[in-house]
Amino acid sequence: MVLAVSVVLFPATFFYVSPYLIIMAAGEGIVAGTFVVFGGLFVSSLVFSRAFCSWICPAGGIGEFSARMRDKRVRHQWVDWIKYTYWPIWLGFIAFSAVSAGGLRRLEFGYQTWHGISVSNVYALALFSIIVGIIIGLTLIVGRRGFCHSLCWMAPFMVLGTVIRARLRLPGLRLKANAEACISCGQCTRACPMSLDVQGMVDRDSMSERECILCANCADSCPKGVIELKLGRPQ
């Protein structure tokens with residue numbers, strides 16, 4: 001339900017997750033809403049990992065809904081690495097723009113929006129339509145949540161936070177499995193929207209995976225209740 005609402009509101013929130021707008025604003029010495037949102041995603045991931053992707057992200061919601069047209073598992077792991085190849089370059093452009101402007105001098109959360117609404121003119125509508133088309137197209141071509149796997153510029157912020165959380169052994173939202181109770185039916189793997197080998201994760205007694213978005217589909221689909229989504233410290 002929350003994901004559906006997020007998708008409906010996407011025309012209003014579009015600029016707050018724009019990868020270009022943050023560069024544009026930095027070039028004017030402005031901290032835009034995108035900067036605040038991306039920073040918030042990183043901080044929240046220290047506790048909630050990538051739960052944003054499954055419960056709130058409008059792009060993820062579009063991917064989920066478009067997967068109903070073609071429910072295809074992502075078969076190639078190299079697809080996951082595409083977003084990590086351009087992400088440092090993108091961050092470099094943001095930093096360069098900010099330095100060129102003499103630093104970030106003021107906060108303008110609704111930068112380039114109309115009273116906080118992103119899609120308010122033909123240009124913004126065209127850009128929005130292109131991005132939505134890319135999300136749907138990648139889902140149909142690459143597979144379930146193809147955009148999340150390959151091009152999402154938000155995911156690396158949360159992956160970084162998740163890695164730091166693991167290194168520091170901080171408490172947070174995570175999956176836990178009772179491998180001894182598993183009957184190896186494979187329902188968890190089939191239910192995973194990120195095409196992960198959840199059955200293998202259970203067998204290895206390692207439920208930590210950087211592409212896991214903590215949607216709990218695996219837990220809900222398990223007939224024996226082997227997998228749980230819970231807050232706590234790593235074992």
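Annotations
- The residue that is surrounded by the most Cβ atoms within 10 Å (Cβ to Cβ), counting only those in region 95-154 that are more than 19 Å from the chain's Cα centre (by Cα) and aromatic (Phe, Trp, Tyr), is 111.
- Just one of the numbered conditions (1) out of contact with any Pro (no Cβ under 9 Å at 6 or more places or on another chain); (2) surrounded by fewer than 17 Cβ atoms within 10 Å (Cβ to Cβ); (3) not hydrophobic (A, V, I, L, M, F, W, C) is not true of residue 84: (1).
- Taking (1) over 29 Å from residue 223 (Cβ atoms); (2) within 20 Å of the chain's Cα centre (by Cα) in turn, residue 172 satisfies each apart from (1).
- Complete set of residues in region 25-70 that are touching a helix residue (DSSP H, G or I) at 6+ places or on another chain (Cβ under 8 Å), assigned to a loop (DSSP other than H, G, I, E, B) and surrounded by fewer than 18 Cβ atoms within 10 Å (Cβ to Cβ): 27, 29, 56, 69, 70
- Residues located in region 136-191, provided they are free of Cβ contacts under 8 Å to residues at least 24 places away in the same chain and either outside any helix (DSSP H, G or I) or over 23 Å from residue 66 (Cα atoms) (or both): 167, 168, 180, 184, 186
- Some residue of region 65-78 being farther than 27 Å from residue 229 by Cβ and among the polar types (S, T, N, Q): no
- Any hit, region 100-113, residues being in contact (Cβ under 8 Å) with a residue 12 or more places away in the chain, in a helix (DSSP H, G or I) and out of contact with any Leu (no Cβ under 9 Å at 6 or more places or on another chain): yes
- Boolean, residue 95 is small (Gly, Ala, Ser) and not assigned by TED's automatic domain parsing to the domain that holds residue 57: no
- Tally of residues being polar (S, T, N, Q) and in contact (Cβ under 8 Å) with a residue 40 or more places away in the chain across region 115-129: 1
The values are calculated or read from the model by the stated rules, or taken from the named source; none is laboratory data. Keep in mind the model is a prediction, meaning the values are calculated, not measured. Note: ideal-geometry Cβ built from the backbone for every residue, glycine included; neighbour counts use all protein chains shown.
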